[in-house]
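The values are calculated or read from the model by the stated rules, or taken from the named source; none is laboratory data. Just so we're clear, the structure is a prediction, and the values are computed from it rather than from any experiment. Cβ placement follows ideal geometry from the backbone for every residue including glycine, while neighbour counts extend to all protein chains displayed.
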Amino acid sequence: MTNGDEVRTLRDTEGAGPARHAAPGRGGRLPHPRQREDAIRNRVQILAAAEQLFTERDPRGVTMDHIAKAAGVGRATLYRRFPDPASVAAALLEEHERILRGRLAFGPPPLGPGAPPAQRLAAFYSAALEHLERHLPLALVTGPGPARFTCGMYRHWREHVRVVLVEAGAADPDVSVDALLSPLSPEVYQFQRHTLGFAPARIAETLGRLARGVLPDRQIG
């Protein structure tokens, strides 16, 4: 699935369901269907334009004016949905990461349920590195420094790895999980990938050895 395909899924996601589930407007009345369609269309345009901007230039230099102009919407329309460029990047990253969460929860093993813990962790590392390779600019904008630990991506990844650690009977999974996630910091990946020039396959292979070294390679169930 391409980045554009992923962004376009927003149209189906936000447009699904009967109109009665929409949030009431002023006076307790539901938004007019046309207003809701316009809001959906604006969000899709904003995210698609922002993704292109974040890909083509240094994400740290992207401003709200850049996004509004590229999306063809007014500043007021943009600010009604997002307070700053980082929040736009977070919304984009959430859409991409949501697909990975589905694969972790419902996909075939070893990424999905059913494989030994070490294999699941190694598969997760490989999938997370692929995610970072494709969306590193967004990850760098969304979670710099301590803010990384409060973003949705880190929380979801932490929950998944902790479950794998518990299944493996690992000692103190609440502490171990953050140590095992530290190699997936966007800043660490940027340094290894673009400063040191390590190939993604080399990084994934090394993290796979780490997974097999810290977890027993036994079948669950």
Scan segment 76-123 for residues that are in contact with a Phe, Trp or Tyr (Cβ under 8 Å, 6 or more places away or on another chain) and closer than 17 Å to Arg212 by Cβ and jot them down. Leu111
Residue ID - farthest from the chain's Cα centre (by Cα), chosen from residues in segment 91-108 that are surrounded by 16 or more Cβ atoms within 10 Å (Cβ to Cβ) and among the hydrophobic types (A, V, I, L, M, F, W, C): Leu104
Which listed residue, of Ala139, Ala168, is among the hydrophobic types (A, V, I, L, M, F, W, C) and either out of contact with any Cys (no Cβ under 9 Å at 6 or more places or on another chain) or within 21 Å of Leu215 (Cβ to Cβ) (or both): Ala168
Kindly evaluate Ala170 against the criterion of being touching a Ser or Thr at 6+ places or on another chain (Cβ under 6 Å), of a type in the set (Gly, Ala, Ser) and part of a loop (DSSP other than H, G, I, E, B). yes
Being closer than 27 Å to Ile46 by Cβ, outside the structural domain of Ile67 (by TED's automatic domain parsing) and in contact (Cβ under 8 Å) with a residue 40 or more places away in the chain is true for just one of Ala139, Ala122, Ala118. Which residue is that? Ala139
Would you please name the residue that is surrounded by the most Cβ atoms within 10 Å (Cβ to Cβ), looking only at residues in segment 173-211 that are charged (D, E, K, R) and either under 22 Å from Pro137 (Cβ atoms) or modelled with pLDDT under 95 (or both)? Arg193
